[in-house]
Amino acid sequence: MLLVVNIGNTNITVAVYSGERPLVCGRLHTDIRRTADEYAIVLDGLMARHGLEPGQVESVAVCSVVPELIPVFAAVARDQLMADALTIGPGLALGIELGYEDPGELGADRIADAEAAYSRYGGPVIAVDLGTATTVNAVTAAGLFAGGAIAPGIGIASEALFQRAVRLPRIELSVPPNAIGRSTADGLRSGIVFGFAGQVDALVTRVAGELGGHPTVVATGGLAHVVSQVSRTIEHVDPLLTLEGIRLIHDRNRGRRDGACSRGVQAQ
């Protein structure tokens, strides 16, 4: 079995795969203060609730935008699970080619999103990730990751508003009944949900125009299910897109451990 770990700035999502099938999926808060032992306990509990044991994990694939936690999860794999570990990055064999000016600057999560989107939908394809940052990632018909756009995410932008405007209440985000909110809560939902959907649509439209063809648009991330309901451009919502991309990259690099690959980019 394969343990897939996607370490984001706000949350860590994990899945245990048997072949291509996810058996367990979970989410926990990102905390750089936690030790490898503490994360191992949380993972053990998650697996136990689904009738799995840590000893069944044979390998681990880690995708992280938090550098401090890469060695922590490497230690979880090595010391707690006795499993091989692979960290996702631009030096690995991929099903896409990276057209970024400096692949070393490219976030591992964006590579995973692009890998999975191209594998599932072909190209051209645009993967929108609504996480701590909103990223729009473009892959050509020939499988070239052409680049994309990065914007502040819904969560951090909203939190900045709540912190600066102390009289505005924190709300649970959902699709508002109308654009004209008749309460402060509905006004916030309108501005945030419709506003960010409009941002996504504007970015996707511009990126699609430069990409050419008729790209498929797939969204992932914590609030993709909300934004997609009012977006004009999102066609598919795939909550496991990033995890699936990590799994695909792991399978292409089976047997390779951290540090075993060069900085060059390989396309297959």
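The values are calculated or read from the model by the stated rules, or taken from the named source; none is laboratory data. All figures in this text were calculated on a predicted structure; none of them were measured in a lab. Neighbour counts are summed over all protein chains in view; Cβ atoms, including those assigned to glycine, are modelled from backbone coordinates with ideal geometry.
Laid out as a table, the results:
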read-out	value
Number of positions in the range 173-191 that are closer than 18 Å to Gln229 by Cα and in a helix (DSSP H, G or I)	6
Members of the range 212-241 found to be part of a loop (DSSP other than H, G, I, E, B) and among the hydroxyl-bearing types (Ser, Thr, Tyr), listed by number	Ser228, Ser231, Thr233
Val265 being at pLDDT below 90, within 20 Å of Leu144 (Cα to Cα), surrounded by 15 or more Cβ atoms within 10 Å (Cβ to Cβ) and not acidic (Asp, Glu)	yes
Conditions (1) more than 19 Å from the chain's Cα centre (by Cα); (2) part of a helix (DSSP H, G or I); (3) among the hydrophobic types (A, V, I, L, M, F, W, C); (4) under 21 Å from Ile249 (Cα atoms); number of the one not met by Leu161	(4)
Residue, farthest from Thr10 (Cα to Cα), within the range 215-245, restricted to residues that are hydrophobic (A, V, I, L, M, F, W, C) and touching a Leu at 6+ places or on another chain (Cβ under 7 Å)	Val218
Yes/no for Ala157 being at pLDDT 95 or above and either in the same structural domain as His236 (by TED's automatic domain parsing) or surrounded by fewer than 21 Cβ atoms within 10 Å (Cβ to Cβ) (or both)	no
Residue satisfying all of: in the range 198-222; of a type in the set (A, V, I, L, M, F, W, C) and crowded, with 21+ Cβ neighbours inside 10 Å; farthest from Ser158 (Cα to Cα) among these	Leu211
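For every residue, the table says whether it meets (1) outside the structural domain of Gly122 (by TED's automatic domain parsing); (2) in contact with a Gly (Cβ under 7 Å, 6 or more places away or on another chain); (3) surrounded by fewer than 20 Cβ atoms within 10 Å (Cβ to Cβ); (4) modelled with pLDDT under 90.
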site	(1), (2), (3), (4)
Gly8	yes, yes, no, no
Cys25	yes, no, yes, no
Arg33	yes, no, yes, no
Gly51	yes, no, yes, no
Pro54	yes, no, yes, yes
Asp79	yes, no, yes, no
Met82	yes, no, yes, no
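The rows are residues; the columns are (1) surrounded by fewer than 24 Cβ atoms within 10 Å (Cβ to Cβ); (2) touching a residue at least 40 places away in the same chain (Cβ under 8 Å); (3) out of contact with any Pro (no Cβ under 9 Å at 6 or more places or on another chain); (4) outside the structural domain of Val14 (by TED's automatic domain parsing).
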{"position": "Pro103", "(1), (2), (3), (4)": "yes, yes, no, yes"}
{"position": "Arg110", "(1), (2), (3), (4)": "no, no, yes, yes"}
{"position": "Gly123", "(1), (2), (3), (4)": "yes, yes, no, yes"}
{"position": "Asn137", "(1), (2), (3), (4)": "no, no, yes, yes"}
{"position": "Leu144", "(1), (2), (3), (4)": "yes, yes, yes, yes"}
{"position": "Ile150", "(1), (2), (3), (4)": "yes, no, yes, yes"}
